[in-house]
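Below is one structure, written out as structure tokens, with a few remarks after it.
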Amino acid sequence: MTCSTTLSPLKTYTTGNHSPSTCSQTQKPRVALPRLWHQLTLKVEEFIAEPASAIFQIPLYQHFVADWEEKMNKLKMVTIGLTAAKQYAGMFVPPHHNPQKETESPPRTQPPNTHIHTDPSDAIAFLTALIAKVDTSTTRDAYVHAVMETAHYRLRSGQTEETKDAIDRCEKLLDSFDAVETLIYASFYRVSAEYYKAKADYAQYYKNALLFLACVNIDTDLTAEERVERAHDLSIAALLGDTIYNFGELLMHPILDSLMGTTYDWLKGLLIAFNAGDIGKFESLAPKFPAEPLLQHSLPALSRKICLMSLVEAVFSRDADDRHIPFAAIAAETRLPVDEVEHLVMKALSLKLIKGSIDQVAALVKVEWVQPRVLDRTQIEGMRGRLMSWEQDVGRTAGFVEKEGGEVFAQ
């Protein structure tokens, strides 16, 4: 289906063959009398979904949709308005757009009042007016959607404080909803992730970016480039987040498959190394760090983090009754001098990665609890082995009790 066949009356109008007054006299009665607002909304959505409709979307909204927007579903109204707003921000480019060719030979036909904008302030002004139309007690969901998408453009224009204010206000509204469309949550988490990325808050970016991915279908809602970018940014955030010590959730997410065959595919191997506390693998991948300046700059912090992960994995891989670990054993696992082990354990205790105590006299760490983790297949197989061993121990104990205490239990 082509753009011209989707909504030919709209295209005819927006290309300037009819004036607004003519359109209102000839076209509006045909749609107003039957009151088929829902069907008309679907047709508009079908039209704007066509890539070739990009340059028509602003006049379409201003001179057509605006005439009957009070009749339509407000969330759909906002969604259509957001699509048009991308034109103001220069996010849509007409098919086969070539700026050089345009300077050499202008297009033969140009819709009135339409061109590619690059200043986010135009989109902000457009969306601010849209927000006012849905700022009612019965359209709070559409209001949140419009506010968050406006915050996206505010962030692009450097208005970080206004963006954070929008996030805080919308978070309170979302908490008050019993149910809301998934696309609104997706908008909230996507813009929140963009904000925290701009602020270099890795842990908050990681949290919001994963929540965003939970709200979308990565195969249909994200382009290949967007999937690679998201996987890359999540990997960097997981590695640099000072409170992130569990990589299982990200490793199990299909978004990481987007890195395969790219220059970033080694990042998945690095995440696997951290999740397993594999210092040898970490050291083998360290020569690739110069390709990622953030990782190269944070090499000392990453070295401390992999040591902590090695300690956690050493504790986790032991049976519950075998968690009195000598300093020397920890030093061997983490490749640290013995005199640095106590500081490492204290750091793990302060981060609540483990719970227990340190016996300085005996040079021993007594671990009572280790942070729950999302396990990969290798770790699950190790747990399976420990459960089988435990089952055998229980069986032997039951057999002993049955043999030696039979008369006691019989009485």
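The values are calculated or read from the model by the stated rules, or taken from the named source; none is laboratory data. All of these numbers come straight from a predicted model, not from anything done at the bench. Quick reminder, even Gly has a Cβ in these numbers, built from the backbone with ideal geometry, and neighbours come from all protein chains shown.
K199 - would you say it is within 22 Å of A146 (Cβ to Cβ), basic (K, R) and more than 11 Å from the chain's Cα centre (by Cα)? So K199 fails the test.
Restricting attention to the range 43-91, report how many residues are of a type outside the set (D, E, K, R), assigned to a helix (DSSP H, G or I) and closer than 20 Å to T139 by Cβ. Residues in the range 43-91 being of a type outside the set (D, E, K, R), assigned to a helix (DSSP H, G or I) and closer than 20 Å to T139 by Cβ: 15 in total. Evaluate the range 136-149: report whether one residue or more is out of contact with any helix residue (DSSP H, G or I) (no Cβ under 9 Å at 6 or more places or on another chain), modelled with pLDDT of 95 or more and farther than 27 Å from I218 by Cβ. For the range 136-149, residues out of contact with any helix residue (DSSP H, G or I) (no Cβ under 9 Å at 6 or more places or on another chain), modelled with pLDDT of 95 or more and farther than 27 Å from I218 by Cβ: absent.
Against the test of being within 23 Å of A301 (Cα to Cα), without any contact (Cβ under 8 Å) to a residue 12 or more places away in the chain and of a type outside the set (D, E), the options L344, L349 yield a single qualifying residue, L349. Cβ-Cβ contacts under 6 Å between residues 6 or more apart (or on different chains), taken from a first residue in the range 146-175 that is within 14 Å of T128 (Cα to Cα) to a second residue that is assigned to a helix (DSSP H, G or I) and among the acidic types (D, E), are listed as R154/E162. Evaluate the following for V147: is it of a type in the set (A, V, I, L, M) and not in a helix (DSSP H, G or I)? Against the criterion (of a type in the set (A, V, I, L, M) and not in a helix (DSSP H, G or I)), V147 does not qualify. Taking the criterion of being assigned to a helix (DSSP H, G or I), of a type in the set (A, V, I, L, M, F, W, C), touching a Pro at 6+ places or on another chain (Cβ under 7 Å) and touching a residue at least 24 places away in the same chain (Cβ under 8 Å), would at least one residue in the range 218-236 satisfy it? Yes, that holds for at least one residue.
Among the residues of the range 309-324, is there at least one that is at pLDDT 90 or above, in contact with a Gly (Cβ under 6 Å, 6 or more places away or on another chain) and aliphatic (A, V, I, L, M)? Yes, the range 309-324 has at least one match. Considering the range 254-298, the qualifying helices (runs of 4 or more DSSP H), each wholly inside and each with 3 or more residues that are crowded, with 19+ Cβ neighbours inside 10 Å, run over 266-276.
Within the set D257, D242, D219, the sole residue that is farther than 21 Å from V374 by Cα and over 12 Å from the mean Cα position of the chain (by Cα) turns out to be D219.
Residue by residue, here is whether (1) surrounded by fewer than 19 Cβ atoms within 10 Å (Cβ to Cβ); (2) farther than 21 Å from Y264 by Cβ; (3) in contact with a Ser or Thr (Cβ under 6 Å, 6 or more places away or on another chain); (4) at pLDDT 95 or above holds:
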{"site": "I184", "(1), (2), (3), (4)": "no, yes, no, yes"}
{"site": "F188", "(1), (2), (3), (4)": "no, yes, no, yes"}
{"site": "S192", "(1), (2), (3), (4)": "no, yes, no, yes"}
{"site": "Y196", "(1), (2), (3), (4)": "no, no, no, yes"}
{"site": "Y202", "(1), (2), (3), (4)": "no, no, no, yes"}
{"site": "A209", "(1), (2), (3), (4)": "no, no, no, yes"}
{"site": "A214", "(1), (2), (3), (4)": "yes, yes, no, yes"}
{"site": "E225", "(1), (2), (3), (4)": "yes, no, no, yes"}
